[in-house]
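S.K.: This is the structure I have questions about; it appears just below.
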Amino acid sequence: MIPEDLRTISMFDWLENDLLLTITHCEPASSDASFRRYFRVHASDDCIRAGGIIATQGAVAEQQFIVMDAPPTKENIEPFIRIAKLLAQSDINVPTIFQQNLADGFLLLEDFGSQCFLDRLNASTADDLYQTAFDSLFKLQTQTPEQNSGLPNYDEPLLQRELTIFEEWFLGQFLDIEISTSVWETVSAILMASALEQPRTFVHRDYHSRNLMVLDNDSPGVIDFQDAVIGPITYDLVSLLRDCYIAWPEQQVRQWRLNYFERLQQAGLINCSSAQFNRWFDLMGLQRHLKAIGIFSRLYLRDGKPNYLNDIPRTLNYVTTVCSAYPELTKFNDFLHQQVLPALRLRSGQVPNKVEV
């Protein structure tokens, strides 16, 4: 069911009147944690070719595409276009952009299908799927140029803004509790220092199971890269291995992390001990997970998307596990156990989708 609104009317007008496509079917493809929407459209093959769009080879009755709908007043599609070109040049499999409409905020994209890693991951498939993800990540980190990329730096102000999301939206807005200034400043300083001392590389920033698509050829397909930055080398690795949407036994995570560490070391991308790399990995994950918990809360409170609340307990478990392993985070860990977890249990009964803590 396609919502009848001015955006979809404008989208169909662009597809049919400007691109001269005959749309035979359209359905929602996905939505994400932004104001973007995605639609899967089917178009008759003869009209595709008449419109100058060649999606595949061979004679087929119709072909399908993804249309990104990004309202210009809320989303900027220019970074997506620019970074897609950058990643394609680095041999990362990103969707081909067939047509673009910057004024109205629409892109006609290659369709990678509907099977993401999260749909296919289990104990028997994980090693093979993650190996393709590691290979793609390694290309991303070694073949994507940092100079003249136009990407922002993952610097201290950006790190601080992301941490503020946790304090404002999860602690303040969702749980209605406060953290002492001294404890919060200590945590923030530790996380920022660890992030900023790491080697710098291209960072996808959302390299996880929902943004890696399972393809028949050249898998994975990589999507949702428009927020990329130049930043800490462990960021995408911890996004992948301590995924907010699926968790693995810590022993398995350690082995995957060690294998990738050795790969980076052999390539000369890092010059540190395994213990140092593990600390970077843990603290980078802590920073990311605090931000994610804040974003999940904001999606519920501001944007009316309660389903993300179900991912808070898994993500918070990563946080408490890391905090318990580092003595310098003891006071923050005490705060989490004494105030945050009890408040979350109480709050879980007051939302549409119960949060199981």
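Nothing in this text is a laboratory measurement; each read-out follows from the coordinates by a stated rule. Predicted, not measured: the structure shown is a model, and the values here were computed from it. So basically every Cβ, Gly included, is an ideal-geometry build from the backbone, and we count neighbours across all protein chains shown.
S.K.: Given only helices, namely DSSP H runs of n ≥ 4 each adding -39500 (n - 2.57), what is the per-residue ellipticity at 222 nm of the chain, to the nearest 500 deg cm²/dmol?
M.R.: Dividing the helical sum by the residues of the chain leaves -13500 deg cm²/dmol.
S.K.: On to the next question. If we count other beta carbons within 10 Å of each Cβ, what is the order of Arg298, Arg242, Arg254, fewest first?
M.R.: Sorted ascending by nearby Cβ count, the order is Arg254, Arg298, Arg242.
S.K.: Okay, moving on. For the range 63-218, place one equal point scatterer on every Cα, skip the solvent, and apply the Debye formula. What is log10 of I(q)/I(0) at q = 0.08, 0.20, 0.21 Å⁻¹?
M.R.: Log10 I(q)/I(0), no solvent term: -0.34, -1.30, -1.31.
S.K.: Lys74: which aspartates and glutamates have alpha carbons under 18 Å from its alpha carbon, excluding same-chain residues fewer than 8 sequence positions away?
M.R.: Asp5, Asp32, Asp104, Asp224, Asp227, Asp303
S.K.: In degrees between 0 and 90, to the nearest 10, how far off the longest principal axis of the chain does helix 156-165 point, with axes built from Cα atoms?
M.R.: 90 degrees
S.K.: Helix 274-301 versus the longest principal axis of the chain: what angle, 0 to 90°, nearest 10, using Cα atoms?
M.R.: 70 degrees
S.K.: Something else about it: Expressed as an acute angle from 0 to 90° and rounded to the nearest 10, what is the orientation of the C-alpha long axis of helix 312-325 relative to the principal long axis of the chain?
M.R.: 40 degrees
S.K.: Placing one identical point scatterer on every Cα of the range 208-306 and ignoring solvent, what is log10 I(q)/I(0) from the Debye formula at q = 0.15, 0.17, 0.23, 0.25 Å⁻¹?
M.R.: After summing over all Cα pairs, the log10 values are -0.75, -0.93, -1.38, -1.44.
S.K.: Hey, can you grab everything whose amide H is under 5 Å from the amide H of Thr24? Only 5+ residues off in sequence or another chain; H modelled, so Pro and N-termini drop out.
M.R.: His42, Ala43, Ser44
S.K.: Counting other beta carbons within 10 Å of each Cβ, put Lys85, Lys291 in order, fewest first.
M.R.: Ordered from fewest to most neighbouring Cβ atoms within 10 Å, Lys85, Lys291 come out as Lys85, Lys291.
S.K.: To continue, here is another question. Fewest to most neighbouring Cβ within 10 Å: what's the order for His289, His337?
M.R.: Sorted ascending by nearby Cβ count, the order is His337, His289.
S.K.: Another question, then. With no solvent and one point on each alpha carbon, what is the Debye value of log10 I(q)/I(0) for the range 254-330 at q = 0.12 Å⁻¹?
M.R.: Rounded to two decimals, the profile gives -0.47.
S.K.: What does DSSP give for the chain in terms of the percent of beta bridges that are antiparallel, rounded to the nearest 5?
M.R.: Within the chain, antiparallel bridges account for around 95 percent of the total.
S.K.: Something else now. Using θ = phi - 60° and the Karplus relation 6.51 cos²θ - 1.76 cosθ + 1.60, list the HN-Hα couplings for the range 217-230 in order, rounded to whole Hz, with x at every Gly or Pro.
M.R.: 10, 6, 7, x, x, 9, 10, 6, 9, 5, 9, 4, 9, 9
S.K.: Find the Rg to Rh ratio for the range 95-149, where Rh is the Kirkwood radius over alpha-carbon pairs and Rg uses the same atoms.
M.R.: The Rg/Rh ratio comes out at 1.12.
S.K.: The chain: longest stretch without exposed GluC sites (Glu not before Pro) (DSSP loop, at most 14 other Cβ within 10 Å), sites themselves excluded?
M.R.: 198-355
S.K.: Using the Cα atoms as the points, what is the convex hull volume per residue of the chain in Å³?
M.R.: Convex hull volume per residue, Cα atoms: 150 Å³.
S.K.: Treating cross-link reach as a plain straight distance, find the lysines whose alpha-carbon is under 24 Å from the alpha-carbon of Lys139, omitting any fewer than eight places away in the same chain.
M.R.: Excluding near neighbours in sequence, the set is Lys85.
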